[in-house]
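Taking it in order: structure first as structure tokens, then the write-up.
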Amino acid sequence: MDAVKQLEQTNLLGLDLEGLAAYCEQLGEKRFRATQLFRWIHQKGASDFAQMSDLAKSLRDKLATRAHVAALPVISEHVSADGTIKWLFDVGNGDAVEAVYIPESDRGTLCISSQAGCAVGCRFCSTGHQGFSRNLATWEIIAQLWYAEHSLRKRQNTDERIISNVVMMGMGEPLQNYTALVPALKMMLDDHGYGLSRRRVTVSTSGVVPMIDRLREDCPVALAVSLHAPVDPLRDQLVPLNKKYPISELLDACNRYLEKAPRDFITFEYCMLDEVNDTPELAHTLVKLLKHHVSCKINLIPFNPFPASGLKRSSNERVKAFAQILVDAGIVTTVRKTRGDDIDAACGQLAGEVQDRTRAHIRMVRAPVVVKAPTTSQT
């Protein structure tokens, strides 16, 4: 099929079940056909309508001329020594995004991208240093899961589900691509699709407060917040979005989210930066900030250095000391195990290929990189 013809057709990967039902009605078909079609695409990984044996031949013929199920072209695949797999997907016009599969004994987690690049520009994230090109469409988000799930099943020769957890922690700020994100989340959760639990689908955000409130109403899943500092002056430097939505507003939004969240806590991510945000004083400030304000878990993340950041990873001793202060205060704290760093697939390393429209390479060089952390408490 040539590219022009494909552009004229509807890519069914971009339609959640309700959208697919409306599409079937446009074709003069009953809505229940959408459920059959949805199962073939997402549960069985079928892309050839001729394979969909329980669909009427008349419907299959219509679909063959009007629709297609098109995955993203895979530019490369890299497999880490620890079993982590990173795919680079071509999203056109010189842009490429990355997704990462992390196998563990009790789960299989897929980290998915939501944008080509990222406009937030966090200091410690290599994606942010590449700048921003565009939002991904719904089908481009779900295509990462579709490809990973069904390619892994084939290579493992099984019909059983491989991916049990999805984290929207790849390239991009998911809540700045909200209209494409929510239908993709609904497909992940749909029992006729991937059937994932709301507790096992996580959206990670740097703190887009109005969209946290919208997600609470539209599709509440697990929420992870990139905090990285307990005081506004420091977080302003590490996470520039903080200047628009400061910590107090962010924590209020987190408490509102908990009213409908599938978990009774928010995960706060905290990237450990040597002599920037890892001091005992800041650990105590973090305790005062969170302990009586929001039910939470802290995930301390070892920084994965890259030259443009000008930052260094905290030593294991500093990480342990910081964590101990939190644990002693009764805050559930974990230190994320670094996975896939030998293939640049660890947290903060995803870079892909981005045709930057934001001149990030100029903005982020001119701005100060290392900020001396204040030691005053914020409550």
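Below are the figures for this structure:
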read-out	value
Every residue from region 98-139 that is within 17 Å of the chain's Cα centre (by Cα), of a type in the set (S, T, N, Q) and in a loop (DSSP other than H, G, I, E, B)	113, 114
Single match in 79, 100 (criterion: surrounded by fewer than 21 Cβ atoms within 10 Å (Cβ to Cβ), β-branched (Val, Ile, Thr) and in the same structural domain as residue 202 (by TED's automatic domain parsing))	79
Residues satisfying the stated conditions in region 113-155, i.e. more than 18 Å from residue 194 (Cα to Cα) and either of a type in the set (Val, Ile, Thr) or free of Cβ contacts under 8 Å to residues at least 24 places away in the same chain (or both)	120, 127, 155
Boolean, residue 328 is modelled with pLDDT under 65, more than 20 Å from residue 172 (Cα to Cα) and in the same structural domain as residue 282 (by TED's automatic domain parsing)	no
Number of positions in region 221-249 that are in a helix (DSSP H, G or I) and either under 15 Å from residue 121 (Cα atoms) or at pLDDT below 95 (or both)	9
Selection status of residue 242, crowded, with 22+ Cβ neighbours inside 10 Å and assigned by TED's automatic domain parsing to the domain that holds residue 128	yes
Meets criteria (outside the structural domain of residue 20 (by TED's automatic domain parsing), in a loop (DSSP other than H, G, I, E, B) and basic (Lys, Arg)) for residue 161	yes
Filter result for the condition that a residue is touching an Asp or Glu at 6+ places or on another chain (Cβ under 7 Å) and not hydroxyl-bearing (Ser, Thr, Tyr), over 256, 263, 198, 235	256
Every residue from region 226-254 that is closer than 16 Å to residue 204 by Cα and of a type in the set (S, T, N, Q)	226, 242
Candidates 186, 154, filtered to the one that is over 20 Å from residue 102 (Cα atoms), of a type in the set (Lys, Arg), outside any strand (DSSP E or B) and modelled with pLDDT of 95 or more	186
Which listed residue is at pLDDT below 95 and not charged (D, E, K, R), from 113, 47, 105	105
Residues (farther than 18 Å from residue 137 by Cβ and among the small types (Gly, Ala, Ser)) located in region 9-61	21, 28, 34, 45, 46, 50, 53, 56, 58
Options 231, 208, 225: the member that is over 24 Å from residue 42 (Cβ atoms), over 16 Å from the mean Cα position of the chain (by Cα) and crowded, with 19+ Cβ neighbours inside 10 Å	231
Selection from region 33-55 of residues that are among the hydrophobic types (A, V, I, L, M, F, W, C) and closer than 17 Å to residue 154 by Cα	40, 41, 46
Some residue of region 168-175 being more than 8 Å from the chain's Cα centre (by Cα) and in contact (Cβ under 8 Å) with a residue 24 or more places away in the chain	yes
Failed item in (1) over 28 Å from residue 154 (Cα atoms); (2) of a type outside the set (Val, Ile, Thr); (3) assigned to a strand (DSSP E or B), with residue 58 passing the rest	(3)
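Residue-by-condition table, conditions (1) part of a strand (DSSP E or B); (2) free of Cβ contacts under 8 Å to residues at least 40 places away in the same chain; (3) not assigned by TED's automatic domain parsing to the domain that holds residue 307:
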position	(1), (2), (3)
19	no, no, yes
24	no, yes, yes
38	no, no, yes
42	no, no, yes
46	no, yes, yes
64	no, yes, yes
89	yes, no, no
96	yes, no, no
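The values are calculated or read from the model by the stated rules, or taken from the named source; none is laboratory data. Worth saying up front: this structure is predicted, and the values here are computed from it rather than measured. Note that each Cβ is placed from the backbone with ideal geometry, even for glycine, and that neighbours are counted across all protein chains shown.
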